[in-house]
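Structure first, commentary second.
The values are calculated or read from the model by the stated rules, or taken from the named source; none is laboratory data. Keep in mind that this is a model prediction, so the values were computed, not measured. Glycine gets a Cβ as well: all are built from the backbone with ideal geometry, and neighbour counts include every protein chain shown. These area figures cover heavy atoms from the full protein model, side chains too; ligands, DNA and RNA do not enter into them. Shrake-Rupley method; radii C 1.70, N 1.55, O 1.52, S 1.80 Å.
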Number of protein chains: 2
Amino acid sequence: MDNKVTLVEVGPRDGLQNESSIVDTDVKFEFIKLLHDAGLNVIEITSFVRPDKIPQMKDASDLYNMVVDNIDLSNLRTPCLVPNLKGLETAMKLNVSEIAIFTATSNTFNIKNINATVDESFQRLSLVSDKAREVSLDIRGYLSTVFGCPYEGIVKKEQVIKTIDKLLKLGVYEVSLGDTIGVANPEQVRSLILEIKKNFDLSKMAMHFHDTEGMALANIYASYEEGIRVFDSSAAGLGGCPYAKGATGNVATDDIVNLFHKIGVNTGVDQDKLHKASSYILNHLKKNSPSKYFNAREGRKA
Amino acid sequence: MDNKVTLVEVGPRDGLQNESSIVDTDVKFEFIKLLHDAGLNVIEITSFVRPDKIPQMKDASDLYNMVVDNIDLSNLRTPCLVPNLKGLETAMKLNVSEIAIFTATSNTFNIKNINATVDESFQRLSLVSDKAREVSLDIRGYLSTVFGCPYEGIVKKEQVIKTIDKLLKLGVYEVSLGDTIGVANPEQVRSLILEIKKNFDLSKMAMHFHDTEGMALANIYASYEEGIRVFDSSAAGLGGCPYAKGATGNVATDDIVNLFHKIGVNTGVDQDKLHKASSYILNHLKKNSPSKYFNAREGRKA
């Protein structure tokens, strides 16, 4: 097995979307630039959504153009989240090379989140993916509530396998399996991956863990042992958990890089430069990081 | 393998010792009572040390007597930390049934901590253990800096094995292997345990992880998979890290219980009652918990 993982940095989109105060486009750009300087080569830049619904993303087109104009894209993939055909049109106008689409394993979650059952969401997604494939856009697929749903509880493995299959059939090159409410445990992770291996090519799977209960690194280590080589994470641990006030969301890139480097796995990331990127955005947000590694580093300086 | 672990609760001693404000004896007692009510049956009560050196422990005798007088000890083990013969005399006067002794794998750490090299510390310890065995006291042994020393860096496995052997020869019934500065990783943990298995009976080993870099649960899970069945932890995650200001120390009992219950391992602990014990001491200390599970639970209530 290859002693190397790919990290998909979701801080600028998934992380900042959770922030109530609007962050300047210049600051977002500088954050992205610092992340890329640190060696992160897949960065979710923004999402093309209704600005009245998600004001934090209203500068999506400007930010994307700023990235294209100022950063060498030869070594940077820049997926943008697209919820529907309208978002796809924006992405196409901007010549975005890669989009991400999303759904969940559970009906209740999908109905509350996007007002559609799982089946209805796939009808909508197929309109997007058909058109995206026509113009040769790469498509990444997010699957939420894989390890548990805030409304329906544990999700059956068969249901997870079925929705992964549907996403792959839309033509996504990778499915990111999300522990949306951060309740997964390493045994559950191992057991699901074993089931996935029976049905799909594991190299098409990524893991997206939340650290809500502090178990993200244990889950990531178990996933790595089972053969997963792509992980989503968010610099400084940006992003919260809407189902537990004040609790942490996305696992911090800082923590995941520390884990992998310690166990001798290459991430391509420079930890000093990553610390700089995380510090930069935390200073702008006037926030502390939920990343224990980030805080221990700060503490050792003090 | 038995689907069950033993937790050694170190909050009242190791945790509170790190607090600068002196906690009332009544509060310490109530905390211990709540922990025992929650199902924790091994609780490190206090340490018999010089009150001018560690003022937080100056009520050690009073607290121990309060515990003996008011809690049924038939289902509670109450180890007390003893650094020297003077501490042992106090323990014997109080009829303490179990003591804990401590040293480290590295000379520099030991010299800074107890002003003795590793070898010198064993000379001192043997005076304590000889006398303790004479009066049939059970002895637990703590070994610090097993996975890294703040002064000497990585500690060689041979050195760890050698000091474990010396501790066992003093007659300790269990060696608690401490990741004092919280730098261990799951591969290192697995590798050390494999070496330990070659030399000793694994059932005599406990793990004592710090969550300084957020990796404690990953390390605990790896330890469990390798056969370790005894873990030290601290309710609410009490206790800091003297080598990284503001960083977290002892892994939280709340987090470790959540991990084990999720993977179907019995701890004997009632999570609601444990939450009550942690909340009680946090309220008294006017502190937040570094435990992500504790905070997520609080957030879900909000």
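Here the dipole of the protein assembly as shown is about 40 debye; that uses its Cα centre as origin and unit charges on the Cβ of Lys and Arg (positive) and Asp and Glu (negative).
The region of chain A that goes longest without hitting one of the trypsin sites (Lys or Arg not before Pro) in a DSSP loop, each with at most 12 other Cβ atoms within 10 Å, is A:157-285. Considering only B:184, B:100, B:247, the Gaussian network model of chain B with Cα springs below 10 Å gives its largest mean-square fluctuation to B:247. Per-residue ellipticity at 222 nm computed for chain B from its helices equals -13500 deg cm²/dmol, with DSSP H segments shorter than 4 residues left out and the rest contributing -39,500 (n - 2.57). Across the alpha-carbon atoms of the range B:86-136, the computed radius of gyration and Dmax are 12.2, 35 angstrom.
Within the protein assembly as shown, antiparallel bridges make up roughly 10 percent of the DSSP beta bridges whose residues both belong there.
Bridging of residue B:58 to lysines at a Cα separation below 29 Å is possible for B:28, B:33, B:86, B:93, B:112, B:131, B:245, B:273, B:276, B:286, B:287, once same-chain residues fewer than 8 apart are set aside. Whole-Hz Karplus values for the range B:220-235 come out as 5, 4, 5, 4, 4, 4, 7, x, 5, 10, 10, 9, 8, 7, 10, 3 Hz, taken residue by residue from phi with 6.51 cos²θ - 1.76 cosθ + 1.60 and θ = phi - 60°; glycine and proline positions read x. Which of B:121, B:5, B:56 sits farthest toward the positive end of the charge dipole of chain B, with +1 on the Cβ of Lys and Arg and -1 on the Cβ of Asp and Glu? Checking the options against the dipole of chain B, the answer is B:121.
Between copies, the label points of residue B:190, set 7 Å from Cα on the Cα→Cβ line, lie 1.0 nm apart, reported in increasing order to one decimal in nanometres. Using a Gaussian network model of chain B in which every pair of alpha carbons under 10 angstrom is joined by a spring, one finds that among B:61, B:234, B:47 the greatest mean-square fluctuation is at B:61. What separates the residue B:152 label point from its copies, with the point 7 Å along Cα to Cβ, is 5.6 nm, written shortest first. Taken over the protein assembly as shown, the alpha-carbon convex hull comes to 147 cubic angstrom per residue.
Could you run the numbers on buried accessible area between A and B, total for both chains, 1.4 angstrom probe, in Å² to the nearest 100? Buried surface at the A/B interface: approximately 2800 Å². Nearest-to-axis residue in chain B, judged by Cβ distance to the rotation axis that brings B onto A and given in whole Å, is B:218, 2. Net charge of the neighbourhood of residue A:14, taken over other residues with C-beta under 15 Å away and scored Lys/Arg +1, Asp/Glu -1, is -3. Taking the DSSP beta bridges with both ends in the range B:6-301, the antiparallel portion is around 10 percent. Taking the label point 7 Å along Cα→Cβ, residue B:268 and its counterparts in the other copies are spaced 5.0 nm apart, in ascending order. Of the solvent-accessible surface of chain B, computed with a 1.4 Å probe and all protein chains present, 47% belongs to carbon and sulfur. Based on alpha-carbon centroids, what's the gap between the range A:48-67 and the range A:137-211 in Å, whole number please? For the range A:48-67 versus the range A:137-211, the Cα centre distance is 27 Å. For chain A, what percent of Cα pairs sit more than 31 Å apart? Tail fraction, whole percent: 22. Given +1 at the Cβ of Lys and Arg, -1 at the Cβ of Asp and Glu and no other charges, the dipole of the range B:6-301 around its Cα centre is 340 debye to the nearest 20. Taking Lys and Arg as +1 and Asp and Glu as -1, the other residues whose beta-carbon sits under 15 Å from that of residue A:114 total +3. Choose one answer from A:83, A:186, A:51: the residue with the largest mean-square fluctuation in a GNM of chain A with alpha-carbon springs under 10 Å. Of A:83, A:186, A:51, the Gaussian network model singles out A:51 as fluctuating most.
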